[in-house]
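Step one of this worksheet: look at the structure below.
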Amino acid sequence: MDRVLPIATDMEAIKYRSLSEITAERLRQLIITGQLSTGARVTETEISQIMGVSRVVVREAMLMLMRQGLLAKERNRFTRVVDFEKKDVEDVFDLRIAIEKAAAKRCLGNGGLEQELTSRAADMKAMLSEKGFDKERLMYKDMDFHKSIIVFSKNERLLNVWEEISGPLFILLYRYINFSLEYSLNYSHEEIIGAIRDADELQVNKEIERHIEDTKHAMMGIFPS
C-alpha cells in the first residue's frame, strides 16, 4: 500500500512519526476503507509479513488502534477489527454531542475559533462544488472542523475522549454516509459558527445537536434493530 495518510489531520503541525505510528496509520486506513472488514481477525505475524516490519512494531501499532477503538482483544486473546451494532452508533453519536456541547460552552464569543471554523467551512463548501470530490479528504476536513471546537476549549479530557471516538466515528461516516447528499440536505456549520460568535449557549447547543442528530438518525436507519 503506497499511500500513508498522516496521523495528524491538517489542523495539526507536521511532526516526526515513529515506525509504529506509521504502521498504525496504514492499518487504520485498511480498517476505515473496509479492506480489513469489521470482525476480521488481525494477527501480529500476518501484519508483520504484509507490511515488512517487526512484530514488536506491529504490536505497538495494534495497541494504538485499540486505544482508538478500532481493534478489540477478544477473550480468546485474538484481536479483531471492531464491529458495530445499532447501539454502538447511538452511543458514539450521543457521546460526540455531549463533548462538543461541553467544549463549545468554553469557546463562546471566541473570535479565533470563529475565524478557524469559517475558514474550514469555506474549504468544505469549495470541495463540494468540485466534480468528483475526494470524499475521504472532505471527511477529514469535517472532522477537523468539529475537532477545532474541542481544541479551542483547552480541555484535555474532552480532547482525549474525542480521540477515542474519532476512529469508530470515521469508520461509520466513511462506510455508511453519502457525504454529498448529507451536506446538500443538512449543512448547518454556518449556524454553529454564528451561535459561537453570538455567545449564545442555548443556540449553539441546539445547532450542534441538530447537526449531529440528523447524521445519527440517517445512520441508525441502516443498522438492524
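The values are calculated or read from the model by the stated rules, or taken from the named source; none is laboratory data. Source: prediction; values computed, not measured. No Cβ is skipped: glycine too gets one built from the backbone with ideal geometry, and neighbour counts run over all protein chains shown.
Within the stretch 129-136, is there a residue that is surrounded by 18 or more Cβ atoms within 10 Å (Cβ to Cβ) and either among the polar types (S, T, N, Q) or in the same structural domain as ARG96 (by TED's automatic domain parsing) (or both)? No, the conditions are met nowhere in the stretch 129-136. Scan the stretch 183-203 and tell me whether some residue there is under 27 Å from GLN68 (Cβ atoms), in a helix (DSSP H, G or I), at pLDDT 90 or above and not assigned by TED's automatic domain parsing to the domain that holds ILE31. Yes, the stretch 183-203 has at least one match.
Scanning the stretch 80-103 for residues being in contact (Cβ under 8 Å) with a residue 12 or more places away in the chain, closer than 19 Å to MET220 by Cβ, assigned to a helix (DSSP H, G or I) and not charged (D, E, K, R) gives a total of 5. (1) modelled with pLDDT under 90; (2) exposed (fewer than 14 other Cβ atoms within 10 Å of the Cβ): which one isn't true of GLN115, the others all being true? Unmet for GLN115, out of (1) modelled with pLDDT under 90; (2) exposed (fewer than 14 other Cβ atoms within 10 Å of the Cβ): (1). Among the residues making up the stretch 36-87, those that are of a type in the set (Ser, Thr, Tyr), farther than 14 Å from ARG26 by Cα, surrounded by 12 or more Cβ atoms within 10 Å (Cβ to Cβ) and touching a helix residue (DSSP H, G or I) at 6+ places or on another chain (Cβ under 7 Å) are SER54, THR79. Return yes when ILE99 is surrounded by 19 or more Cβ atoms within 10 Å (Cβ to Cβ), under 15 Å from the mean Cα position of the chain (by Cα) and either at pLDDT below 90 or among the basic types (Lys, Arg) (or both) and no when it is not. Against the criterion (surrounded by 19 or more Cβ atoms within 10 Å (Cβ to Cβ), under 15 Å from the mean Cα position of the chain (by Cα) and either at pLDDT below 90 or among the basic types (Lys, Arg) (or both)), ILE99 does not qualify.
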